[in-house]
Ligand SMILES: [Zn+2]
């Protein structure tokens, strides 16, 4: 089982620190910055033995070198972005196995936001036996990543892979974008009552200073206009509209 701690970083990033309760091994996923990561690990008494990166963007690998220097940990990242992942030791592709102690995971290729973006899925590793997904900037609560290096068709396929995971899977995405995503989702699907209810909850949570992540696959199937897009064209239209949305 994984104990998972959220570390807010930069303006709206979340770094995830995950520790296997059986072996005590800990991993950090997408360390935007080293200092808050090392401070939190020290506070908890957790020893970081590895970094898992979902993609090369600086707000996901910015802490790699310093954390590796401080802990001697190993860095795993996507094969398609091997040259851009700072201090990488192991490059992985779809289907490769990863592990945090006794928690066994696998790599899912999810191109679209970047060309080599991957996600890490740990079946049954949650505290109630649910799956745990670290998906970087591919799937967000009520949103998806911008298409910097990929096509709408690629993002549609990537989201479909993630949407096919069990509905109770906990989704640990890398940013707190939910409220702005919800504002757009309401314009994309104005008749969707589930989005309206969720956005009301999100507004209340943010007013209380609470995080809205992790989400679940089930919640995204009900409220995410990109997951719900019927095809790549609709996803592309919605992504274009979101890119210029200022609501
Ligand atoms: Zn990114």
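We did not get these values from a lab; they are worked out from the coordinates using the rules stated. None of these values were measured; they are calculated from a predicted model. Note that each Cβ is placed from the backbone with ideal geometry, even for glycine, and that neighbours are counted across all protein chains shown.
Filter segment 143-156 down to residues that are in contact with a strand residue (DSSP E or B) (Cβ under 8 Å, 6 or more places away or on another chain) and more than 11 Å from the ligand (Cβ to nearest atom), then give me how many there are. Talk me through it step by step, then tell me what you get.
Let us first name the residues in segment 143-156 that are in contact with a strand residue (DSSP E or B) (Cβ under 8 Å, 6 or more places away or on another chain), namely 145, 155.
The next check asks that each one be more than 11 Å from the ligand (Cβ to nearest atom); those that pass are 155.
Of the residues in that region, 1 qualify.
Quick check on my filter: what residues within segment 127-150 are over 23 Å from residue 182 (Cα atoms) and surrounded by fewer than 20 Cβ atoms within 10 Å (Cβ to Cβ)?
Within segment 127-150, 127, 128, 129, 130, 149 qualify.
Check off (1) within 16 Å of the ligand (Cβ to nearest atom); (2) on the phi < 0 side of the Ramachandran plot; (3) touching a strand residue (DSSP E or B) at 6+ places or on another chain (Cβ under 9 Å) for residue 136 and give me the number that stays unchecked.
If we test residue 136 against (1) within 16 Å of the ligand (Cβ to nearest atom); (2) on the phi < 0 side of the Ramachandran plot; (3) touching a strand residue (DSSP E or B) at 6+ places or on another chain (Cβ under 9 Å), just (2) comes out false.
Has segment 79-95 got at least one residue that is part of a loop (DSSP other than H, G, I, E, B) and within 16 Å of the ligand (Cβ to nearest atom)? Spell out the reasoning first.
In the first step, residues of segment 79-95 are kept if they are part of a loop (DSSP other than H, G, I, E, B); the result is 85-89, 93-95.
Okay, now just the ones that are also within 16 Å of the ligand (Cβ to nearest atom), so 85-86.
Yes - at least one qualifying residue is present in segment 79-95.
Condition check: closer than 24 Å to residue 213 by Cα, out of contact with any helix residue (DSSP H, G or I) (no Cβ under 6 Å at 6 or more places or on another chain) and surrounded by fewer than 22 Cβ atoms within 10 Å (Cβ to Cβ). Does residue 78 satisfy that? Give the derivation first.
Working: closer than 24 Å to residue 213 by Cα: yes; out of contact with any helix residue (DSSP H, G or I) (no Cβ under 6 Å at 6 or more places or on another chain): yes; surrounded by fewer than 22 Cβ atoms within 10 Å (Cβ to Cβ): no.
Against the criterion (closer than 24 Å to residue 213 by Cα, out of contact with any helix residue (DSSP H, G or I) (no Cβ under 6 Å at 6 or more places or on another chain) and surrounded by fewer than 22 Cβ atoms within 10 Å (Cβ to Cβ)), residue 78 does not qualify.
Report, by residue number, each residue of segment 54-72 that is surrounded by fewer than 20 Cβ atoms within 10 Å (Cβ to Cβ) and in contact with a helix residue (DSSP H, G or I) (Cβ under 9 Å, 6 or more places away or on another chain).
The answer is 66, 70, 71.
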